[in-house]
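Only one structure is covered here, and it is reproduced in the block below.
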Amino acid sequence: MSRRLDFPRRWAQAYRKGGIRGLLRHFVTLPRLLIPTKAGWVFFAFLLLILIFSYTTGNNLLFLLFSAMLSLMVFSGLLSEASLGKVEIRRSFAPEIFAERPFPVDFSFHNQARFVGAYAFAVRDPNLFETDRGPFVVHLAAGDQTRVQVKGRVAVRGRHRLPPYRLFTQYPFLLFTKIRMVGKERELLVYPAIRPVDLDLNRLFGDGLSGRRDRGDDGDSFSYLKEYEKGTPLRKIDWKKSARSEDLFTKEFERRESRKIAVSFRPNPEEDFEPGLITAASILVWLYRHDVPFKLLADLQPDRGYSATPARLRRSLRTLALYDKPLRPALPQNADRIIEVFGNGRHRIR
């Protein structure tokens with residue numbers, strides 16, 4: 001009963017999306033697409049020759065061969081439909097996607113058929129995979145599930161609308177490629193590409209201050225060694241020094257004050273600012289990995305406060321990913337250092 005109700009629902013969705021044109025497009029679109037392969041064209045040409053010779057000569061053996069080849073083609077279509085018809089696919093992406101960098105894409109396949117297995121099918125999505133073929137499954141028995149992880153790649157930052165992707169197979173005789181559209185349209189947010197950055201640490205963390213925040217650890221810089229005392233955590237033991245003597249020694253650290261870094265993106269309206277976006281995103285990731293409290297200044301209403309949390313990093317990268325026109329950012333407040341990033345990709349610490 002659910003399958004019967006599924007057809008009116010699809011027609012209603014097609015009408016809401018495209019009106020009368022959407023209904024016509026939905027009516028004309030075939031549920032499967034068949035594309036003959038090179039071997040398939042050879043097979044069809046040979047089939048046509050058998051038909052011509054059998055009709056002109058009246059040879060019953062040629063008619064029998066022609067019928068066998070037609071049966072083989074129909075049998076191939078039935079087996080390929082059995083491989084695609086009952087396969088359910090779910091696709092999930094990594095939480096953070098950067099342009100020009102491969103990211104994992106997880107595909108979960110479930111064969112909902114009760115008796116027939118699925119063989120030799122793959123996913124094709126040119127928006128994510130540089131090659132024609134994405135994940136490939138050799139065999140999925142009836143009722144079984146499997147998960148395949150592949151690497152996707154997007155070249156440009158910003159919002160990307162991914163159309164439904166394709167599930168295809170050439171099983172069993174490689175005569176044609178049968179394609180089935182699966183999935184739904186999905187929006188993907190891609191952060192700017194990141195590059196290795198070379199920051200002047202003396203200017204950034206000068207005056208004896210460190211970029212690391214005090215999170216209850218042992219400190220920021222090594223100070224001296226002392227003999228082990230009962231109750232001291234084992235992670236503080238200097239095993240190299242202890243191995244050269246009969247006693248245990250522990251490391252002692254000094255705590256240092258942290259700095260607050262403001263990253264100000266200031267592109268020139270008359271130049272391309274994509275290199276600057278890459279530099280700004282790379283600096284933000286560097287500050288986050290080194291646990292330096294930061295704030296992004298790229299629009300008129302920046303985030304308040306300074307922190308090195310994943311939420312602030314995602315929020316800042318989202319701002320850069322959707323950046324479309326040069327703005328004069330707000331002035332930094334309570335910043336110990338300001339990293340100015342320009343549209344050409346250069347930066348300055350002041």
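The values are calculated or read from the model by the stated rules, or taken from the named source; none is laboratory data. This structure is a prediction, so every number in the text was calculated from the model and none was measured. Note: ideal-geometry Cβ built from the backbone for every residue, glycine included; neighbour counts use all protein chains shown. Quick note on the areas: whole protein, heavy atoms, side chains included, nothing else; ligands and nucleic acids left out. Shrake-Rupley method; radii C 1.70, N 1.55, O 1.52, S 1.80 Å.
Pick from the stretch 45-86 the residues that are open to solvent by less than 40 Å² (accessible area, probe 1.4 Å) and closer than 30 Å to residue 129 by Cα: which of them is nearest to the chain's Cα centre (by Cα)?
84
What are the pairs with Cβ atoms under 8 angstrom where one residue, in the stretch 57-84, is outside any helix (DSSP H, G or I) and the other, located anywhere, is open to solvent by 70 Å² or more (accessible area, probe 1.4 Å) and not hydroxyl-bearing (Ser, Thr, Tyr)? Sequence gap at least six, or different chains.
Between residues of the stretch 57-84 that are outside any helix (DSSP H, G or I) and residues that are open to solvent by 70 Å² or more (accessible area, probe 1.4 Å) and not hydroxyl-bearing (Ser, Thr, Tyr), the close pairs are 59/53.
Within the stretch 269-284, identify whether any single residue is of a type outside the set (Phe, Trp, Tyr), surrounded by fewer than 16 Cβ atoms within 10 Å (Cβ to Cβ), at pLDDT 85 or above and within 30 Å of residue 237 (Cβ to Cβ), and answer yes or no.
No; the residues of the stretch 269-284 include none that is of a type outside the set (Phe, Trp, Tyr), surrounded by fewer than 16 Cβ atoms within 10 Å (Cβ to Cβ), at pLDDT 85 or above and within 30 Å of residue 237 (Cβ to Cβ).
Would you mind finding the one in 287, 317, 327, 322 that is in contact (Cβ under 8 Å) with a residue 60 or more places away in the chain, open to solvent by 50 Å² or more (accessible area, probe 1.4 Å) and among the hydrophobic types (A, V, I, L, M, F, W, C)?
None of the other options fit; the residue is 322.
So is residue 134 closer than 30 Å to residue 286 by Cα, of a type in the set (Gly, Ala, Ser) and touching a strand residue (DSSP E or B) at 6+ places or on another chain (Cβ under 8 Å) or not?
no
When you scan the stretch 27-39, do you find a residue that is part of a helix (DSSP H, G or I), surrounded by 12 or more Cβ atoms within 10 Å (Cβ to Cβ) and at pLDDT 90 or above, even just one?
Looking through the stretch 27-39, at least one residue is part of a helix (DSSP H, G or I), surrounded by 12 or more Cβ atoms within 10 Å (Cβ to Cβ) and at pLDDT 90 or above.
If we scan the stretch 92-115, do we find a residue that is part of a strand (DSSP E or B), touching a Ser or Thr at 6+ places or on another chain (Cβ under 6 Å) and surrounded by 13 or more Cβ atoms within 10 Å (Cβ to Cβ)? Give the steps one after another, and end with the answer.
Of the residues in the stretch 92-115, the ones part of a strand (DSSP E or B) are 92-93, 98, 103-111.
Restricting the remaining residues to those that are touching a Ser or Thr at 6+ places or on another chain (Cβ under 6 Å) gives 106, 109.
Applying the additional criterion that residues be surrounded by 13 or more Cβ atoms within 10 Å (Cβ to Cβ) yields 106, 109.
Looking through the stretch 92-115, at least one residue is part of a strand (DSSP E or B), touching a Ser or Thr at 6+ places or on another chain (Cβ under 6 Å) and surrounded by 13 or more Cβ atoms within 10 Å (Cβ to Cβ).
Consider residue 193 against the criteria (1) part of a loop (DSSP other than H, G, I, E, B); (2) modelled with pLDDT under 75; (3) small (Gly, Ala, Ser): it satisfies all of them except one. Which criterion is unmet?
Going through (1) part of a loop (DSSP other than H, G, I, E, B); (2) modelled with pLDDT under 75; (3) small (Gly, Ala, Ser) one by one, residue 193 breaks only (2).
Among the residues of the stretch 233-246, is any among the basic types (Lys, Arg), in contact with a helix residue (DSSP H, G or I) (Cβ under 6 Å, 6 or more places away or on another chain), at pLDDT 70 or above and over 18 Å from residue 306 (Cβ atoms)?
For the stretch 233-246, residues among the basic types (Lys, Arg), in contact with a helix residue (DSSP H, G or I) (Cβ under 6 Å, 6 or more places away or on another chain), at pLDDT 70 or above and over 18 Å from residue 306 (Cβ atoms): absent.
So, in the stretch 168-188, of the ones that are in contact with a strand residue (DSSP E or B) (Cβ under 7 Å, 6 or more places away or on another chain) and among the basic types (Lys, Arg), which residue ends up surrounded by the most Cβ atoms within 10 Å (Cβ to Cβ)?
178
Testing residue 89 on (1) modelled with pLDDT of 70 or more; (2) surrounded by fewer than 16 Cβ atoms within 10 Å (Cβ to Cβ), one condition comes back false. Which one is that?
Condition (2) is where residue 89 drops out.
Taking the stretch 64-111 on its own, how many of its residues are touching a Phe, Trp or Tyr at 6+ places or on another chain (Cβ under 8 Å) and among the basic types (Lys, Arg)?
Result for the stretch 64-111: 2.
Any idea which of 129, 115, 107 is over 14 Å from residue 89 (Cα atoms), under 13 Å from the mean Cα position of the chain (by Cα) and touching a residue at least 12 places away in the same chain (Cβ under 8 Å)?
129
In the stretch 58-103, what residues are among the small types (Gly, Ala, Ser) and farther than 18 Å from residue 120 by Cβ?
Of everything in the stretch 58-103, those that are among the small types (Gly, Ala, Ser) and farther than 18 Å from residue 120 by Cβ turn out to be 58, 67, 68, 71, 92, 94, 99.
So residue 138 ticks every box in (1) assigned to a strand (DSSP E or B); (2) under 17 Å from the mean Cα position of the chain (by Cα); (3) of a type outside the set (Phe, Trp, Tyr) but one. Which box is left unticked?
All conditions are met except number (2).
Taking only the stretch 300-314 into account, find how many residues are within 25 Å of residue 100 (Cα to Cα) and open to solvent by 10 Å² or more (accessible area, probe 1.4 Å).
Adding up the residues that qualify gives 5.
So how many residues does the stretch 331-350 have that are under 15 Å from residue 202 (Cβ atoms), surrounded by 19 or more Cβ atoms within 10 Å (Cβ to Cβ) and touching a helix residue (DSSP H, G or I) at 6+ places or on another chain (Cβ under 7 Å)?
Within the stretch 331-350, residues that are under 15 Å from residue 202 (Cβ atoms), surrounded by 19 or more Cβ atoms within 10 Å (Cβ to Cβ) and touching a helix residue (DSSP H, G or I) at 6+ places or on another chain (Cβ under 7 Å) number 2.
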